[in-house]
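Notes for the one structure printed next.
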Amino acid sequence: MQKVLLSVAVSSLLVSSLFGDDISDLKAQIDTLNKKISKLEKEQKRTKKTLAKVKSHDAHDNIKFDIDFRTSYDYISYKTPEKTYTNDALFSNRLWLGMGYNPTDEMIFKGQLAFNKAFGADTNDRGQGYDGFDWVNNEVLSDNKLKVREAYWLWMPTVGGFKTTLSVGRRPGTNGYLINLRDDDKAKSPLGHIINMEFDGLSASVKLDRYISGSYLKLCVGRGLTNARTRFDKDGLDYAKDSSKLDNMDLVGVLAKLYDDGQYSAMATYYRSFNVPGVDQTTQNLKTLGDMDGAALSVEVQGIGDMINDFLDETIVFASIAWSQTRPDSTGAMLGSTKKESGTSYWIGAQVPNLTGGKFGLEYNHGSKYWRPFTYGEDTMIGSKMATRGDAYEAYWTQPIIKKDGKNIFSMQLRYTYLDYDYTGSNGFFGDYGTPLTIAQAVANGQNPVESAQDLRVYFRYRY
């Protein structure tokens, strides 16, 4: 019995010794593996941080470019009491080369280079020099030189719980609210009924959507002309003011998005422009004539009713009213009058879908005798339809041809614009063309005024 117990004890000691060695080795291996896993986890975290930095670098440290290239054919016609003037072979190319840089979520740079050129165009002025003004540099036909259409920074801080913006540079002042529908573009800041031209200046806005859906208030300040001598002035007065030239022309305005819930929206604006130039009828030279006010109220409905059918859901209707007023100073007349003169305009339109995935649009606007908006940059070869003192009719069909990821890569448009003038001077440059006369009065005075104008356009447009 003792021998048996002794054998069992010896065997137990031997087994314990053997398993004890294995357990110790296993523990050592596990500790080693844990250290390796911990090291790998740390390396993985470092790798993730590095990848995050790389992604952040790629997202914020590269300028993104976009291209918008359009080729157009226009047939234009002007009817006067004496004869009809036409151009049945007006071809043009327009290039917009956009760029953007977003170093942080609150700061953006935006720029756009452009040219707008008739086939075989030269650099000669064709509008008594007015087509060379800075406000329409990229909207009138010129040569093939790239010009700066937009260049500005946009800061978007949150102040006191309110989202705000501050921006300075060459701001987007064309293709604004409602006129963008015909132009097949996203709406820029201004109301297209009364402002459609390039300008240099600043804007500051604050969102008020915590109170009213989609609402915001924006202050805009711009300079249309700078009075300064040139470098190497003959009198040694480089960049000093020149009393023999036009004064600084400035504009201050307030823009308000009154409401926007995605279906119904309304916008309003009021501005005053200071030191507006015009032609002195005695000397035929440009001079500062006074100030000018403008205001507009526009409403838009995107979708008729509430999910009635696809056609009504994609239908857009809008209406807009606008007002302008001259404020001549003591040096002369504005629009042929030394008194304050007011003009009004109203504008209605609709855009509906068609079976091919395109859009049909119809628009009508009317302007009174002294109506004068700042819409010199409007995308129409026969002049601004919004500036018409009389009736303007327009119909268009915009058709996507190639789409990718829901975006129109290649599209075309057929558009017809007809302007029927009640008064002369509709497209006069600010105070130009003197007193508005009826067509009959102008004929009786021995003039040959334009009674009506039309523009038939076909374009093909590439965007990416």
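The table that follows gives values for the structure above.
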{"quantity": "Any hit, region 281-294, residues being on the phi > 0 side of the Ramachandran plot, of a type outside the set (Lys, Arg) and crowded, with 18+ Cβ neighbours inside 10 Å", "calculated": "yes"}
{"quantity": "Residues (touching a residue at least 24 places away in the same chain (Cβ under 8 Å) and outside any strand (DSSP E or B)) located in region 395-427", "calculated": "Asp422, Thr424, Gly425, Ser426, Asn427"}
{"quantity": "Qualifying position, being at pLDDT 95 or above, within 25 Å of Ile348 (Cβ to Cβ) and surrounded by fewer than 19 Cβ atoms within 10 Å (Cβ to Cβ), among Tyr421, Tyr393, Tyr462", "calculated": "Tyr393"}
{"quantity": "Residue count, region 441-464 (criterion: assigned to a loop (DSSP other than H, G, I, E, B) and of a type in the set (D, E, K, R))", "calculated": "1"}
{"quantity": "Matching strands (runs of 3 or more DSSP E) fully within region 253-360 where at least 3 residues are of a type in the set (Ser, Thr, Tyr) and in contact (Cβ under 8 Å) with a residue 12 or more places away in the chain", "calculated": "264-279, 316-328, 342-353"}
{"quantity": "Subset of region 150-188 (residues that are in contact with a Lys or Arg (Cβ under 6 Å, 6 or more places away or on another chain), closer than 23 Å to Arg223 by Cα and of a type in the set (D, E, K, R))", "calculated": "Glu150"}
{"quantity": "Members of region 338-361 that are among the aliphatic types (A, V, I, L, M) and closer than 21 Å to Asp422 by Cβ", "calculated": "Ile348"}
{"quantity": "Complete set of residues in region 211-234 that are assigned to a loop (DSSP other than H, G, I, E, B) and in contact (Cβ under 8 Å) with a residue 24 or more places away in the chain", "calculated": "Ile212, Ser213, Gly214, Ser215"}
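This table checks each residue for (1) basic (Lys, Arg); (2) in the same structural domain as Gln263 (by TED's automatic domain parsing); (3) closer than 23 Å to Arg415 by Cα; (4) modelled with pLDDT under 95.
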{"residue": "Phe311", "(1), (2), (3), (4)": "no, yes, yes, yes"}
{"residue": "Gln325", "(1), (2), (3), (4)": "no, yes, no, no"}
{"residue": "Gly336", "(1), (2), (3), (4)": "no, yes, no, yes"}
{"residue": "Tyr364", "(1), (2), (3), (4)": "no, yes, yes, no"}
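The values are calculated or read from the model by the stated rules, or taken from the named source; none is laboratory data. Note that the structure is a prediction, hence the values are computed from the model and not measured. When we count neighbours, we look across all protein chains shown, and the Cβ atoms used for this are built from the backbone with ideal geometry, even at glycine.
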